[in-house]
C-alpha cells in the first residue's frame, strides 16, 4: 500500500471514529456497573438529594443536575419540570440559560420552568408535577431554610412513587436536615482535562465537565466517591481518563536539594 493510500485510510478511519462519537449512545450511563456509573441512574419514582460539598461548588452541582436531567429525560418523551425560587437571597449564581442546558443535551424547549416566591412554593410545584404522569423528570431547588425536611420529602416521595417520575432536589450546601430520600450525593467540582487547542491569547479551550460525587447516603456505599465526566459529543456520563499532567508529573525526576 502506498503512503498516500495509507494516509487516506487512516484519515477515513479517524472520521469514522469521530462520527461514532457524535451518535447518541443509549443509555446515558453506558451500562457500566464496573465503573459505578450505573449507580447514578435514578429508578422510576425515586427521590434523590444533591448537595454541593462547599458553597463555591454550587455551580458544579447545578451543572451536574442538568446532566442528570438530560440522562433521565432519555427514558421518556415528556417534558422536564424545573422548579426554583424566583430570587434566592442566599444564592448569587444566576439563572437557567438555554445555551447552558444545550451543552448537556437538554433541549430548552422541553423544559418547563416554574418559579415560586419561596421554598414552600417550590415544593408545592414539585409535588404537583410529581403527581403528573406526563413528565419525564422533576427537578427542584428549594434553597436554604427548613421547608425541605422529612415531611416535605415524604410527600414528594409518595407522589413520585405513584407517577413513576424521577425527582432530584438540589439543596443548599449548608442544608443537612434529614429527609426521606434514600440516596443523597455530595457534588464538588473536579479538574477537567486540558484541550490541545489554544486561542489567540494562548489559553486552552474549556475541557469536559467533571465532578467528584460522594455518596453521603445510599445503597450501602456511604462515603464512596467517584469521579464522573460528561461526554459532550456522545451526551453521556463516562469514567474520566487519567489527566496527562498527572502522569507526566509522576514520571518527572525530582531535583535534589543542596544541603545548607
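I need the full set of residues from the range 114-127 which are closer than 18 Å to residue 48 by Cα, surrounded by fewer than 22 Cβ atoms within 10 Å (Cβ to Cβ) and touching a helix residue (DSSP H, G or I) at 6+ places or on another chain (Cβ under 8 Å), in order please.
Once the filter is applied, which keeps residues that are closer than 18 Å to residue 48 by Cα, surrounded by fewer than 22 Cβ atoms within 10 Å (Cβ to Cβ) and touching a helix residue (DSSP H, G or I) at 6+ places or on another chain (Cβ under 8 Å), the range 114-127 yields only 127.
Would a scan of the range 17-37 turn up a residue that is at pLDDT 70 or above and surrounded by 13 or more Cβ atoms within 10 Å (Cβ to Cβ)?
No; the residues of the range 17-37 include none that is at pLDDT 70 or above and surrounded by 13 or more Cβ atoms within 10 Å (Cβ to Cβ).
Can you find, within the range 227-237, the residue that is modelled with the highest pLDDT among those that are buried (at least 19 other Cβ atoms within 10 Å of the Cβ), over 18 Å from residue 59 (Cβ atoms) and in contact with a strand residue (DSSP E or B) (Cβ under 8 Å, 6 or more places away or on another chain)?
237
Within 15 Å of residue 82 (Cα to Cα) and either part of a helix (DSSP H, G or I) or modelled with pLDDT under 90 (or both): which single residue out of 145, 129, 105 fits that description?
129
What's the number of the only condition in (1) in contact with a helix residue (DSSP H, G or I) (Cβ under 7 Å, 6 or more places away or on another chain); (2) surrounded by fewer than 21 Cβ atoms within 10 Å (Cβ to Cβ); (3) in a strand (DSSP E or B) that residue 138 fails to meet?
(2)
The values are calculated or read from the model by the stated rules, or taken from the named source; none is laboratory data. Keep in mind that what you see is a predicted model, and the values were worked out from it rather than measured. Backbone-built Cβ (ideal geometry, glycine too); neighbour counts: all protein chains shown.
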